[in-house]
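These notes concern the structure reproduced below.
Read the figures in this text as sums done on the coordinates, not as results from a lab. A quick note: this is a predicted structure, and the numbers were derived from the prediction, not measured. Virtual Cβ from ideal backbone geometry, glycine too; neighbours counted across all protein chains shown.
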């Protein structure tokens, strides 16, 4: 078995020693290297890229955010984690360069769980191309007009959180990053922030402004490249799926937390296809052409070309960014909900049903939807007739 190579960077010798001891205790087979100087760490990264780098933020000469961004460019397959006692809201690289954040002083058990989950997420994606692409991402493509409107609103009225929240909700990439940050352990919340509007209230307009600016640094998606997969159409489908999934969980008596997390899953479940479209345009177009010629759903054509389902890629990204495990599981099981092997209605069941309904009423693409699985619904004791699940149109609040 190949050893995990982990670099830990902190200019405080005592903190570095403690972090090395903690990680070494629960990962005894890992090859650990400690660095008190971020410049030495960067040279080591370039010479021998690690599987994961855990870096402090406040260091002399080079901030941890800068080190992680340099690591992203030099070693795009490296997992990047920042440890800090606070988040500097006006530093864009702090937001975009780290996959996850660890608050200092950190809890050993939480750090263990976070590292185990991060490595497990990467290991589930076997294709090295996809693995590197997803690991090197900073954000998703976003709608430029939302950026302009949002920045204007922030400039004119710094306290207009509700209006800002509605603007954020119109942008898939922006919402994903805002939700990631609002659910970060750095903010110390014991509940899930599941809606962009709530995230705006939690983070404040200063953080939101930084996220918007960071999104502007990323290459925007151009709808003309793939006219059959317009981002606005995908976002409308995602909203419908999220709202329906939350409705089904509520009607089936699932806890409030499950309702919030399945909404999050519905909002983000199409990110895998966006990643494929933006990073592998030729292959994605080939899949669209094949689906059009065969008059078939797009999903099977994408699986044939990439040897992975879009939901697998989305789940990897969400897991990598530390999203709630219930949401990640629901997304990962989207094409095969029966793999959960549960005889009860779960958030994964809700997301599957909601996506099926939304695909017929508010499709993300012009291709036929995939087949409905009444046998799965029968196995969990739910109505098999799709019509019984149809609800009046649900719009985002």
Under a plain spin-label model, where a point goes 7 Å from the Cα along Cα-to-Cβ, how far apart in nm are residue 305 and residue 46?
3.6 nm
The range 223-389 -> Rg/Rh from Cα coords, Kirkwood Rh, value 0.96
At what distance in nm do the modelled label points of residue 190 and residue 282 sit from each other, each positioned 7 Å from its Cα along Cα→Cβ?
5.4 nm
Which value in nm describes the separation of the simple spin-label points at residue 361 and residue 116, placed 7 Å from the Cα toward the beta carbon?
4.1 nm
Footprinting proxy, 164, 326, 262: sorted fewest to most Cβ within 10 Å, the residues are 326, 164, 262
Can you tell me the equivalent ellipsoid semi-axes for the range 313-381? Use √(5λ) from the Cα gyration tensor, largest first, whole Å.
20, 18, 9
Any idea what the alpha-carbon Rg over 2.2 N^0.38 Å comes to for the range 5-123?
0.95
With a 10 Å Cβ neighbour count serving as the proxy for reagent exposure, in which order, fewest first, do 342, 238 appear?
342, 238
Using Cβ contacts closer than 10 Å as the measure, can you line up 181, 67 from fewest to most?
181, 67
Between residue 379 and residue 290, what length in nm is gained on full extension when 0.36 nm per residue of separation is reduced by their alpha carbon distance?
28.7 nm
